[in-house]
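Take a look at the structure below.
The values are calculated or read from the model by the stated rules, or taken from the named source; none is laboratory data. Since the structure is predicted, the reported quantities are computational estimates derived from the model, not experimental observations. Cβ sites come from the backbone with ideal geometry, for glycine too, and all protein chains shown count toward neighbours.
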Amino acid sequence: MATNYGPVEIAGVIAVIGVLTYACRLSFIALFGRLDEIPPVVEQVLRFVPAAVLAALVLPSFVTLDASGFAADKFIAGALAAGVAWKTEDVFATMVTGMGVLWVVRFLLPVGV
C-alpha cells in the first residue's frame, strides 16, 4: 500500500513531533525549576528511571528471535548476568559475567546450544 505524502507533509510531521518532544522535556524542567524541593515520592520514583531505561534497551536483545531462531547464547548469558546482578549488586561483576558466559557459550560450546 503506497502513501501519497510529499516532502512538505513529511517535514511538517517531523517538525511537529520535534516541537512536542521539546515541549514535553521543557515542561519537566520548568516544573522542577519552580519547586524548591522535589517531593520524596517523586524522588523515590525517579531513582528507578535509569534501571528501567537500561532494562528496556537490553531485554529485547536477548529474548527476541534472531535470523536463525531463538538466541539461546544471549538468553543464557543474560540470565546468568541478571542473577549475578541480583546477588552482588555490582555492575562490573555483572558485565564480566554476561560477556564471559556469552563468549564461552558462543566459542567453546557446539553451535547447536
Item to complete: Considering only the range 1-96, give the helices (runs of 4 or more DSSP H) lying wholly within it that have at least 1 residues that are without any contact (Cβ under 8 Å) to a residue 12 or more places away in the chain, of a type in the set (Lys, Arg) and outside the structural domain of residue 107 (by TED's automatic domain parsing).
Response: 7-34
Response to the item:
Note on residue 92: of the conditions (1) exposed (fewer than 10 other Cβ atoms within 10 Å of the Cβ); (2) more than 19 Å from the chain's Cα centre (by Cα), unmet is (2)
